[in-house]
Amino acid sequence: MESAYLQKHLGACLTQGLAEVARIRPVDPIEYLALWLYKYKENVTMEKLREKEMADLERDRELALMEQEMMERLRAEELVFQQQQLELEMQEKERQRLEELQRAQELLEKMRMNMENTATSEDTSYLDNAAADSGKTLAEISDRYGAPKLSRVEEVDESILSDVALNIDQDL
(Lines give C-alpha, C1' and ligand atoms only; values in the text may rest on other atoms or scores of the structure.)
Protein backbone atom coordinates (compact mmCIF):
# COMPACT_ATOMS: atom_id res chain seq x y z
CA MET A 1 0.00 0.00 0.00
CA GLU A 2 2.75 2.41 0.83
CA SER A 3 4.58 1.42 -2.28
CA ALA A 4 1.43 2.18 -4.35
CA TYR A 5 1.19 5.62 -2.77
CA LEU A 6 4.89 6.33 -3.41
CA GLN A 7 4.64 4.95 -6.93
CA LYS A 8 1.59 7.13 -7.64
CA HIS A 9 2.90 10.46 -6.23
CA LEU A 10 6.71 10.17 -6.39
CA GLY A 11 7.34 7.47 -8.99
CA ALA A 12 7.86 9.57 -12.11
CA CYS A 13 9.46 12.55 -10.41
CA LEU A 14 11.84 10.54 -8.21
CA THR A 15 12.85 8.31 -11.11
CA GLN A 16 13.65 11.33 -13.27
CA GLY A 17 15.52 13.07 -10.37
CA LEU A 18 17.67 10.01 -9.60
CA ALA A 19 18.42 9.61 -13.30
CA GLU A 20 19.53 13.26 -13.43
CA VAL A 21 21.74 12.80 -10.32
CA ALA A 22 23.33 9.71 -11.90
CA ARG A 23 23.97 11.57 -15.17
CA ILE A 24 25.41 14.78 -13.60
CA ARG A 25 27.16 13.22 -10.58
CA PRO A 26 27.13 16.32 -8.35
CA VAL A 27 29.39 16.72 -5.30
CA ASP A 28 26.37 16.78 -2.91
CA PRO A 29 23.76 14.51 -4.56
CA ILE A 30 21.16 14.91 -1.74
CA GLU A 31 21.11 18.70 -1.97
CA TYR A 32 21.10 18.47 -5.78
CA LEU A 33 18.16 16.03 -5.67
CA ALA A 34 16.30 18.31 -3.20
CA LEU A 35 16.78 21.39 -5.42
CA TRP A 36 15.85 19.35 -8.49
CA LEU A 37 12.63 18.21 -6.78
CA TYR A 38 11.72 21.84 -5.86
CA LYS A 39 12.38 22.92 -9.44
CA TYR A 40 10.35 19.95 -10.73
CA LYS A 41 7.39 20.94 -8.51
CA GLU A 42 7.68 24.56 -9.68
CA ASN A 43 7.76 23.40 -13.33
CA VAL A 44 4.71 21.15 -12.83
CA THR A 45 2.80 24.00 -11.13
CA MET A 46 3.74 26.41 -13.92
CA GLU A 47 2.70 23.86 -16.57
CA LYS A 48 -0.68 23.36 -14.89
CA LEU A 49 -1.13 27.15 -14.72
CA ARG A 50 -0.13 27.53 -18.39
CA GLU A 51 -2.56 24.78 -19.41
CA LYS A 52 -5.31 26.51 -17.42
CA GLU A 53 -4.49 29.84 -19.07
CA MET A 54 -4.46 28.21 -22.51
CA ALA A 55 -7.84 26.62 -21.81
CA ASP A 56 -9.18 30.02 -20.66
CA LEU A 57 -7.77 31.69 -23.77
CA GLU A 58 -9.28 29.04 -26.01
CA ARG A 59 -12.65 29.43 -24.30
CA ASP A 60 -12.42 33.24 -24.62
CA ARG A 61 -11.48 32.90 -28.31
CA GLU A 62 -14.46 30.62 -28.93
CA LEU A 63 -16.74 33.08 -27.12
CA ALA A 64 -15.32 35.96 -29.18
CA LEU A 65 -15.89 34.01 -32.41
CA MET A 66 -19.45 33.21 -31.37
CA GLU A 67 -20.03 36.87 -30.50
CA GLN A 68 -18.53 37.97 -33.82
CA GLU A 69 -20.77 35.53 -35.72
CA MET A 70 -23.77 36.81 -33.77
CA MET A 71 -22.86 40.42 -34.58
CA GLU A 72 -22.51 39.54 -38.28
CA ARG A 73 -25.93 37.86 -38.21
CA LEU A 74 -27.40 40.91 -36.46
CA ARG A 75 -25.83 43.21 -39.08
CA ALA A 76 -27.21 41.01 -41.86
CA GLU A 77 -30.66 41.05 -40.24
CA GLU A 78 -30.45 44.81 -39.76
CA LEU A 79 -29.47 45.25 -43.42
CA VAL A 80 -32.40 43.06 -44.51
CA PHE A 81 -34.71 45.02 -42.21
CA GLN A 82 -33.46 48.34 -43.61
CA GLN A 83 -33.96 47.08 -47.16
CA GLN A 84 -37.50 45.97 -46.30
CA GLN A 85 -38.20 49.37 -44.72
CA LEU A 86 -36.80 51.13 -47.79
CA GLU A 87 -38.95 48.97 -50.07
CA LEU A 88 -42.03 49.72 -47.96
CA GLU A 89 -41.27 53.44 -48.05
CA MET A 90 -40.78 53.32 -51.82
CA GLN A 91 -44.05 51.41 -52.25
CA GLU A 92 -45.85 53.94 -50.04
CA LYS A 93 -44.38 56.85 -52.03
CA GLU A 94 -45.35 55.16 -55.29
CA ARG A 95 -48.87 54.55 -53.98
CA GLN A 96 -49.15 58.19 -52.89
CA ARG A 97 -47.82 59.37 -56.24
CA LEU A 98 -50.35 57.21 -58.08
CA GLU A 99 -53.17 58.46 -55.86
CA GLU A 100 -52.09 62.05 -56.46
CA LEU A 101 -51.88 61.42 -60.20
CA GLN A 102 -55.33 59.84 -60.16
CA ARG A 103 -56.74 62.79 -58.20
CA ALA A 104 -55.12 65.20 -60.65
CA GLN A 105 -56.60 63.29 -63.59
CA GLU A 106 -60.03 63.29 -61.95
CA LEU A 107 -59.74 67.02 -61.26
CA LEU A 108 -58.63 67.65 -64.83
CA GLU A 109 -61.55 65.61 -66.14
CA LYS A 110 -63.98 67.54 -63.89
CA MET A 111 -62.51 70.83 -65.07
CA ARG A 112 -62.78 69.73 -68.71
CA MET A 113 -66.40 68.69 -68.16
CA ASN A 114 -67.15 71.98 -66.38
CA MET A 115 -65.54 73.94 -69.21
CA GLU A 116 -67.55 72.01 -71.79
CA ASN A 117 -70.73 72.56 -69.79
CA THR A 118 -69.89 76.22 -69.29
CA ALA A 119 -69.04 76.67 -72.98
CA THR A 120 -72.25 74.93 -74.01
CA SER A 121 -74.36 76.94 -71.59
CA GLU A 122 -72.59 80.17 -72.59
CA ASP A 123 -73.15 79.40 -76.26
CA THR A 124 -76.84 78.74 -75.68
CA SER A 125 -77.21 81.74 -73.38
CA TYR A 126 -75.25 83.89 -75.83
CA LEU A 127 -77.47 82.73 -78.68
CA ASP A 128 -80.55 83.31 -76.54
CA ASN A 129 -79.29 86.77 -75.54
CA ALA A 130 -78.26 87.56 -79.09
CA ALA A 131 -81.64 86.57 -80.40
CA ALA A 132 -83.34 88.58 -77.68
CA ASP A 133 -81.00 91.58 -78.10
CA SER A 134 -81.02 91.67 -81.90
CA GLY A 135 -83.81 94.19 -82.01
CA LYS A 136 -82.49 96.39 -79.20
CA THR A 137 -80.21 99.39 -79.35
CA LEU A 138 -76.81 99.62 -77.70
CA ALA A 139 -78.24 101.67 -74.87
CA GLU A 140 -80.93 99.09 -74.30
CA ILE A 141 -78.39 96.26 -74.25
CA SER A 142 -75.82 98.04 -72.08
CA ASP A 143 -76.62 98.35 -68.43
CA ARG A 144 -73.84 100.82 -67.72
CA TYR A 145 -74.58 104.20 -66.35
CA GLY A 146 -74.08 106.92 -68.93
CA ALA A 147 -74.26 104.67 -71.98
CA PRO A 148 -75.38 106.69 -75.02
CA LYS A 149 -78.97 106.38 -76.10
CA LEU A 150 -78.57 106.06 -79.83
CA SER A 151 -81.28 105.21 -82.25
CA ARG A 152 -81.13 102.13 -84.32
CA VAL A 153 -79.13 102.37 -87.55
CA GLU A 154 -79.93 100.20 -90.50
CA GLU A 155 -76.99 98.83 -92.38
CA VAL A 156 -77.11 98.97 -96.12
CA ASP A 157 -75.69 96.24 -98.33
CA GLU A 158 -72.30 97.46 -99.61
CA SER A 159 -72.53 95.65 -102.93
CA ILE A 160 -75.51 97.80 -103.89
CA LEU A 161 -73.66 100.96 -102.90
CA SER A 162 -70.63 100.06 -104.97
CA ASP A 163 -72.82 99.44 -108.03
CA VAL A 164 -74.50 102.83 -107.55
CA ALA A 165 -71.10 104.51 -107.16
CA LEU A 166 -69.88 102.94 -110.38
CA ASN A 167 -72.98 104.14 -112.29
CA ILE A 168 -72.39 107.67 -111.05
CA ASP A 169 -68.77 107.57 -112.20
CA GLN A 170 -69.82 106.36 -115.65
CA ASP A 171 -72.39 109.14 -116.00
CA LEU A 172 -69.79 111.81 -115.47
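Data for the structure
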read-out: Separation of the F81 and A22 label points, Cα + 7 Å toward Cβ, nm; value: 7.2
read-out: With DNA, RNA and ligands ignored, accessible area of E31 (1.4 Å probe; Å², nearest 10); value: 100
read-out: Per-residue ³J(HN,Hα) for the stretch 49-66, Karplus 6.51 cos²θ - 1.76 cosθ + 1.60, θ = phi - 60°, Hz, x for Gly and Pro; value: 5, 4, 5, 5, 5, 5, 5, 4, 5, 5, 5, 4, 5, 5, 4, 5, 5, 4
read-out: Order of exposure, largest accessible area first, which applies to D56, D28 with probe 1.4 Å; value: D28, D56
read-out: Within the stretch 31-126: Cβ-based charge dipole about Cα centre, in debye rounded to nearest 20 (Lys, Arg +1; Asp, Glu -1); value: 440
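The values are calculated or read from the model by the stated rules, or taken from the named source; none is laboratory data. Predicted model only: the values in this text are computed from it and were never measured. All Cβ positions, even for glycine, are placed from backbone atoms using ideal geometry, and neighbour counts span all protein chains on display. Remember, those area values only see protein heavy atoms, side chains included, never the ligands or the DNA or RNA. Shrake-Rupley method; radii C 1.70, N 1.55, O 1.52, S 1.80 Å.
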